[in-house]
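Heads up, the thing below is written out as structure tokens.
Where a number appears in this text, it was derived from the coordinates with a stated rule and is not lab data. Small disclaimer: the values here were computed from a predicted structure and weren't measured.
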Amino acid sequence: MNRFNRLLLAGCVAVVLYSTPSAFGQSQHYSPNYAARPVLSPWLDMFRDDPGPLPNYHQFVRPRQQLQRTLAYQNAALQTQGTEIRAMQQRAYQAGQRPDGVMPTGTGAVFMNYSHFYPGMQPLR
């Protein structure tokens, strides 16, 4: 093995070791961040040799960019919605609602209660 090949191999090993995450730095909860830049550039698809009716930009690059924008928008909307739901739950809990989320109705049910249709009829108890 000549010197260039050894240097190339050492460089590849260094890149692999540097790019792998450490086990100590891992978080317990993974949340995908669609607003982050993609790992591979969508512009790499400009050099594909796939036959198609459209140019590579309209067939591969632009749809992927639109998908990234849509995912980032939806991710932001979901985070906002989750924050609003947690705030509503907190307000409801502070207002004295039961923790299971069911409010007591305050009235009991009666079998065959047709008093709203027939005002003179008494319900069976």
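Some notes on this structure:
- Shown here is the pair-distance distribution of segment 55-95: with all Cα-Cα distances grouped in 5 Å bins from zero up to the longest one, the shares run 5, 21, 13, 14, 10, 9, 9, 6, 6, 4, 2, 1 percent.
- Net lengthening on full extension, Arg48/Ile85 (0.36 nm per residue, minus Cα-Cα): 8.8 nm
- The phi torsions of segment 76-85, fed into the Karplus equation with coefficients 6.51, -1.76 and 1.60 and a -60° offset, translate into couplings of 5, 5, 5, 5, 5, 5, x, 5, 5, 5 Hz, rounded to whole numbers, with Gly and Pro shown as x.
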